[in-house]
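Just so it is clear, none of the values below were taken in a lab; they were calculated from the coordinates. Being a predicted model, the structure only gives us computed values, none of them experimental. In this analysis, Cβ positions are derived from the backbone assuming ideal geometry, glycine residues included, and neighbour counts consider all displayed protein chains.
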RNA sequence: GGGCGACUAGCUCAGCUGGUUCAGAGCAUUUGGUUUACACCCAAAGGGUCAGGGGUUCGAAUCCCUUGUCGCCCA
C-alpha cells in the first residue's frame, strides 16, 4: 500500500485502537504462559485526566506492551475508585445548585443522586486513557463501589473486627467543618498563616471560692493572671489553667482556681511540665475538646470536656450569646467584647501553622468523636519486612523512598477508617441499644440479628431494632484491597484468576500516596494472601509546570490532556512525557518535549517513506558498502538492545527511550539509511532491501511500547498482515551475538568521514564533485568501512600511501594522517599553525600522563588495568606526536 | 522543631562499590546548509572550579566533615 506523505495522527489513532479492541489483544485469561500483571492505581471515578495520570499510565502501558511483546500473558486491570470525599462534595454542590439540601434527603435518596452522578461522569477518565493508547483489559474494569468489590470490603471489615483489630474509639480527629467529615492526618495540609496572640486576663479565686488578698501575675501585683492564646473564642471550652510546676513565677497559684472571662466558669489551676515556660506568659488555658495536647492533659488530670462547636464549626449553646455564629466571626466579636470588658491585655501578631483540608481547603477543627480504628501495630510487621528486610520481596524504585517508607511504618498510628459520609461502604456495625458496647458487626443485617440475639439473650429482637452505623468507610479501605479484590480474591480466594495473576508484577504510582495506598496494599496483601501484592513499585515524579508548581486543577496550570494529544499526537505526548522523567524525579513539564516526541514520529514516518519509495532490482548484486552497513547496524542494534534491557530492568524508562531515540535517529536514519541509499532514481538490490525491511521491523518492535500507534501503522504498510501478525502481539527481538570490532571500526570511520566533511565545507566543495583521498595508515586501521566512506563523502577512492602527499589539506584521526589534494588552494602557513597547535596540545597531554606514570605511589597503588590504560594513552600520544612531527617536517 | 533527599552546561537530567564511559546526554543557543525521506531536517561550534569551604587518598563530581540554598514528609 502507498504510504501517505503526511502522518494523519487522529485518523491513525482511532483506526488502530479500534483494531486492537476488535481483536481483543488487551484481554487476558489465565493460561500456561508466564503472567505479567499490573493493576491501575484507580483514579477518581468522576475525575478527568491530568498530567500526572498521563505520565503514570504511559509508563504502565510501556511496561505492559513490552511484556506482551516478550510473549508474557500481559494483563492490565483498569478501574476507578469512588473517592468518597471528593465525589460527595461534588454531588452536594450540584444538589445545592438545584436548591436541594443534602440534609433533607434520606440516605437512599442521596445515594441515588450520587450514583446518577457517577454514571453520568464516571468513566470519562477511562475513555481518555484510551486516547492515550492504554492497552488495559477493559473487560476487567472495576469500580470500588461495585457489588462484589463492596462485598469484599465489608467482609474484610468484619474479619478484622472479629480478629480484634478494629475498635471504636473516642478520639481527637481532624474535622472538616465544610465537608462535615473526619480527615486522616494525611489529608490535612499544614500552612503558615498570620494570626494573633491574644493576652487574656483570668481572675483568680482561692480554693474555697473566696477572692485572694493578693497575688502576682507576670507583671507584678494584680488581680488576675494573663494567658496568651491564638483562639480566644475557645474560652467557652476552657476547663483548666495549666502552669509548669517548675515555674517560680506561679508558685502561689498552686491549688487556686480561675474564672473564665464572659462565661464565668470556675476552673482549676493545674500543674504539668508539658507547659512551655518560654511561650506566651507561661500559662496555658486547657480546652480538652478542641486541642489534641489539651485532650491529653485533660485525660491526665481528669478534666471536664466541654465541646463548644456544632458540626459546621459554629458555636453551640456553650457559646452563650454567640450561639450559631461561625468560629471566625466569633473570634472577631469576642475580641471586641473582651477588650470592652477589660479582659484583653494586648494583642501580638503571631505566625502559626494551621491545618487545612486537602479537599475543601477549610480550616480543620480538632474534634472529639466516636470513630472506628484499625490497629496497625501487628499488621504492619510483615509489610516492613517485605520492603526493608534482608531479602526484601518488594522493591521500591527509586530506592531512596525506602527511608521514607521505614520512617512512616515504624511510627505508624492506628488508622481511622470511618468517614462521616454517605458515599461509600456503610460500616456494618448494628446498634441495638444506647450503651457504648450495644452493637454487633456482621456482613448482613440477618447475621447481625443472630449475633445481637446471642449477645443480649433477647430472642424478641427484630431487624427493626437494629440501627446500622451511619458512617462510611474511608475510600482507602476499599483500595487497599485492590490487587486482591479486582481478581475477586477476598470472596473466592481459590479462584483461578487470583491464583494466576497474584502477586502482580509492577505497581506504578506517585510518591504522594506511598503511605495512603502502597503501604496499606502491602499490609493487606500479607494479611489476606499471605503474600506480597506486587514485586516492584515504580514511583513516578510529580508533574510540575515550568515554575516548579505542582500541576493541579485548582491552579489551572495543567494543560488539557486531549488538546495536547490533538496537537502533538498520542505517541508524541507519550514520548515527551517519558523523555525526561527518571523514576522519582519530578518532571518539569514543557510542551516542547511533546514537540520533540512528535518530531521523532515524523522522522520515523519519513524514514519509512524513503525505504518504501525504492524500486527493487533482484538482478543487481549487493554492493559491499551495503553489506557492511547491514552487518554494522545489526551489531549496533544488538548492543543497544542490551542497554535497553538494562535500563528497563532498573525501571529507567527515560534512558531506555533515549537509547532508542538515538539509535533510530542517529544510527538508523542518519547513518544506516545513508549507507544503503541507492543513487538517485536507481533501484536497490533485493538482498539489501530485504535486510533493511527486517531491520526496520525490529526497530518498530522496540519503539512500539513507547509509540504504539505510529509503529503499528507503519507495520501494516510494510506488508499485508493478518490479525495474528499485528505488531502489538509480535515478538520482541531475540538477542544475538555482537560483532564488537565492526562497531569500533565504524566509530573510527565516522571520524574520518567527519574530517572529510569539514574539508568539503571549508573549501566549499560540492557533494557531487568526487574528491581524491589518501591515507598514511599508521594505526593499521581495517579497511572494512572504506567502501562506506567512499560512498558517504563521494571519494574517487582511498589511496594507501607511506609518504605525505604534497599540496593537500590534512587531518588526523589518532596517528593516522589523511590527505585531500587541493592543488593551489592549500595555505601552508595555516596548515603549519594547525599542526603546531595539535602538537602542543598532544605534548601537554603526554606530559600529564607521563607525570602520572612516573609517580611511584601511583604505579604501586593503582590497579593494573588503570596503569595499562595510562600506558596506552602514552603510546597513542607518542604515535600521534610522531605523525605530527613528520607532517611538519614535510611542510617545512 | 524532627526526618529524608537534592545541588553537575542556559534548561531538564545521567554519571553504580573512588582510576578510559569522567566531566557526559537531550533540549536550547550560535554558525553554515534548497543533498528529491524528513526544515518536525542536515552539518558543525560554543558553553561547567561538578553549590562554598575543609579533610581522607598517589588520585575525589564520586567517600567523610562543615556551611549555604532548595524540595518533600512528619510534628
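Things to note:
- The gain in end-to-end length when the residue A:890 to residue A:194 segment is fully stretched comes to 242.4 nm, 0.36 nm per residue minus the alpha carbon separation.
- Fewest-first ranking of A:477, A:439, A:748, using other Cβ atoms within 10 Å as the exposure measure: A:748, A:439, A:477
- The range A:841-892-the range A:463-483 distance, computed between alpha-carbon centres (Å): 76 Å
- Among A:50, A:716, a tally of other beta-carbon atoms within 10 Å of each Cβ gives an order, fewest to most, of A:716, A:50.
- Set of the range A:458-488 residues, backbone N closer than 18 Å to the point 7 Å along the Cα-Cβ line of residue A:408: A:474-483
- Fewest neighbouring Cβ atoms within 10 Å first, the residues A:680, A:190, A:568 line up as A:680, A:190, A:568.
- Computed [θ] at 222 nm, deg cm²/dmol, chain A (DSSP H ≥ 4; -39,500 (n - 2.57); rounded to nearest 500): -13000 deg cm²/dmol
- Helix A:591-613 and the long axis of chain A differ in direction by around 40°, with both axes built from C-alpha atoms.
- Share antiparallel - DSSP beta bridges, the range A:234-312, percent rounded to 5: 70 percent
- Maximal additional length on extending the residue A:762-residue A:116 stretch stands at 225.3 nm, based on 0.36 nm per residue less the C-alpha distance.
- The C-alpha atoms of chain A define a longest principal axis, and helix A:864-891 lies at about 40 degrees to it.
- Within the range A:742-891, DSSP assigns beta bridges of which about 75% are antiparallel (rounded to the nearest 5).
- The slack between residue A:307 and residue A:230, meaning 0.36 nm per residue of separation minus the straight C-alpha distance, is 26.0 nm.
- For chain A, share of DSSP beta bridges that run antiparallel, in % to the nearest 5: 70 percent
- Point-to-point label distance, residue A:639-residue A:694, nm (Cα→Cβ direction, 7 Å offset): 2.0 nm
- Sorted on the mean count of surrounding Cβ atoms within 10 Å across their residues, most packed first, peptides A:808-815, A:392-399 read A:808-815, A:392-399.
- Crossing angle, helix A:84-97 versus chain A [Cα axis fit, 0-90 degrees, rounded to tens]: 70 degrees
- Label-to-label distance for residue A:299 and residue A:151 is 4.0 nm, based on points extended 7 Å past Cα in the beta-carbon direction.
- The residue A:595 and residue A:513 beta-carbon pair, evaluated with R₀ = 30 Å, returns a calculated FRET efficiency of approximately 0.45.
- Label-point separation in nm, residue A:462 to residue A:729, each point 7 Å along Cα→Cβ: 5.9 nm
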